[in-house]
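Asker: Okay, here's the structure, questions in a sec.
FYI, it's all coordinate maths here, none of it is from the lab. Since the model is a prediction, treat every value here as computed from it, not as a measurement. Glycine also receives a Cβ, built like all others from the backbone with ideal geometry; neighbour counts cover every protein chain displayed.
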C-alpha cells in the first residue's frame, strides 16, 4: 500500500498547539482543585486539647472552686458508639445544682446542649447528671459526692487470687412482687438487697433465698437533705437512742427473712455520724451478719464502726447505675471488672432496674470469662 500524503507544516503546527492547550487546561483544573483543597484544609481549626469535654467541664468546675483533679474523663467506644464519660467529684457541701446549671449554660453558649438525667438516690453519691453534646462531642457528665479514684488502678495486694473476684449486689428489691423473677436468670452469685419497708419485702426475700441467692437487708438510713423521696418508715436517723436503733434494726431483720448481711439504703448523713453507726453495729453484734458499706458519702464511718464492734464488713467500690441507662451501666460494669483485675477483688452495687439487669444478662458470658462472681459474704472480713 502506498504511504499517505504527508501533513503540511501548517497542519502539524495546529496539532501541536491543540495538544499544548489541552495540557494547559488540565494543569489549570488540577491547580484549581489543589487550591480549593488547600483552602478547605487551612480553614479547619487545628485540634485543640482545650476543646475536649474534660477541659471544658474542668474550666466551668474551676470557676466554682473545684480542683482540676476532681474532674475525670475518658473517651469510650462501645456498642452505643463513641462518647465521653466525664465525672466530677464534689465535696458534700458543694453546690452541685449550681455546677449543673453552669455546665448547661456553657454548652449552650458553644452551640451544644446538655439535658438533665435522673440519678438514683439523689443527694448521696449521685448529685446530678447531664447528657447531650458539647463541642461536637457526645458526652455524659456525672456529678458525684465522692473522692476521685484512679482510672487505671495499680495493684495494691501482695498476692492476687488465681482469678479476680467480683461481688455484685442489686439494691431496692421488694417494691414489686416480680423483683425475684426479674433477676432469676442472673448468675446465682449476684446478691440482692431487700428493703424492709417495701410492700413485698417478705415474699421477695423468701423467693430470692429459694433461688439460692444471697439476700441482704437494705437498711434505710437518713440521707443528706435532697428535696427528694426519703428513706421511708423505720429508717435509722441521727439522734436516735441506742435502744430505738436496736428496735428498728430488729424489726427490719424480721421483715427480710434469710438475710445474710446488711447494707445501707441512702444514709449519707447517718453513716457519717459516729454515734449512730456505733449503735447500728451494736444492734448487729452477735447476729453473724456482715455489713456492706454502700459508701453513699466519702465521709462514711460505717466500716470503722463495724471493725470496732468486731463485725465482718466490706465496702462498695463502684456504683453501676447512678444513671440508669445501658451505655452508662455498661461502662461502670467494665470499670468494676478492671478494678477487680487490678486489686484482686471489687464490689459493685446496682439496683433491680430493668436496664441494669439487661446489661448484666448481655455481658454475662464475657463477665464470667474475666472474673469470678462471688457473693459479698465471701469478701467480708
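Asker: At what distance in nm do the modelled label points of residue 233 and residue 105 sit from each other, each positioned 7 Å from its Cα along Cα→Cβ?
Answerer: A separation of 4.4 nm, rounded to one decimal place.
Asker: So for the pair residue 149, residue 285, with labels modelled 7 Å out along Cα→Cβ, what separation do we get in nm?
Answerer: Label at residue 149, label at residue 285, 3.1 nm between them.
Asker: How high is the relative contact order of the range 50-144, given as a whole-number percent (alpha carbon pairs under 8 Å, six or more residues apart)?
Answerer: Working: 164 pairs, mean separation 26.3, N = 95.
With pairs under 8 Å counted, the relative contact order is 28 percent.
Asker: Okay, next question. What whole-number volume per residue, in cubic angstrom, does the convex hull of the C-alpha atoms of the range 191-315 give?
Answerer: With only Cα atoms used, the range 191-315 gives 94 Å³ per residue.
Asker: What ranking, highest mean first, results for peptides 79-87, 109-117 when packing means the other Cβ atoms within 10 Å averaged over each residue? List each step's numbers first, then the result.
Answerer: Details: 79-87: 16.8, 109-117: 14.2.
Packing proxy ranking, top to bottom: 79-87, 109-117.
Asker: Can I ask one more? Where does the range 165-378 land on Rg/Rh, using Cα atoms and the Kirkwood Rh? Walk me through the intermediate numbers first.
Answerer: On the way: Rg = 16.1 Å, Rh = 17.1 Å.
Over the Cα atoms of the range 165-378, Rg/Rh equals 0.94.
Asker: Using alpha carbons only, how many angstrom separate the centre of the range 53-128 from the centre of the range 261-293?
Answerer: 31 Å
Asker: What FRET efficiency do you get for residue 64 and residue 361 if R0 is 30 Å and r is their Cβ-Cβ distance, rounded to the nearest 0.05? If you can, show how the numbers build up before the last one.
Answerer: On the way: r = 40 Å, r/R0 = 1.33.
Efficiency computed from Cβ-Cβ geometry: 0.15.
Asker: Now for a separate question. Which distance in nm do the two modelled labels at residue 251 and residue 51 give, with both placed 7 Å along the Cα-to-Cβ direction?
Answerer: Between residue 251 and residue 51, the simple spin-label model gives 6.0 nm.
Asker: Bin by bin, in steps of 10 Å, what percent of the Cα pairs in the range 50-144 do you find, going until the bin that has the longest distance?
Answerer: Spelled out bin by bin, the range 50-144 gives 17, 54, 27, 2 percent.
Asker: So, one more: When only Cα pairs under 8 Å and 6 or more residues apart are kept, what is the percent relative contact order across the range 165-378?
Answerer: RCO, the range 165-378: 25 percent.
Asker: Quote the FRET efficiency, to the nearest 0.05, computed for residue 185 versus residue 378 with a Förster distance R0 of 25 Å and r equal to the Cβ-Cβ distance. Present the calculation step by step, with values, prior to reporting the outcome.
Answerer: Working: r = 22 Å, r/R0 = 0.87.
Calculated value: 0.70.
Asker: Moving on. Go ahead and run the numbers for FRET between residue 80 and residue 242, Cβ-Cβ distance against an R0 of 45 Å, rounding to 0.05.
Answerer: The value I calculate is 0.35.
Asker: Related question: Rank by packing, highest mean first: peptides 270-282, 52-64, 358-370, with packing defined as the count of other Cβ atoms within 10 Å averaged across residues. It would help to have the intermediate numbers written out before the result.
Answerer: Details: 270-282: 22.6, 52-64: 19.0, 358-370: 15.0.
The most tightly packed comes first, giving 270-282, 52-64, 358-370.
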